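Some notes on the structure that comes next.
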Amino acid sequence: MPILQWFLLFLLSLLISLIFLWLHLPAAMLLGPMIAGIVFSLRAVRCNFRAVFFSLRRLFLAV
């Protein structure tokens, strides 16, 4: 169920970011996804994606 895990990660990131924006915290749009990723990693949730998407990401970021 990787699609569900990605969706939950997106939802949690959005929720945390909106709360931080509401509190007028600086860098809210950066801290929300970072904290959501930390929560997911502490809960040992793995969000895998296919190698094709990994290659496209590398191409997009020019790494």
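The values are calculated or read from the model by the stated rules, or taken from the named source; none is laboratory data. All values reported here derive from a predicted model rather than from experimental measurement. Quick reminder, even Gly has a Cβ in these numbers, built from the backbone with ideal geometry, and neighbours come from all protein chains shown.
Numbers below:
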item	result
Residues within the range 8-31 that are surrounded by fewer than 12 Cβ atoms within 10 Å (Cβ to Cβ) and either of a type in the set (S, T, N, Q) or within 13 Å of Val45 (Cα to Cα) (or both), tallied	0
Inter-residue pairs, beta-carbon under 8 Å, first within 13 Å of Leu9 (Cα to Cα) and in the range 26-54, second among the small types (Gly, Ala, Ser) and modelled with pLDDT of 80 or more, 6+ apart	Gly32/Ser13; Gly32/Ser17; Pro33/Ser13; Pro33/Ser17; Ala36/Ser13; Gly37/Ser13
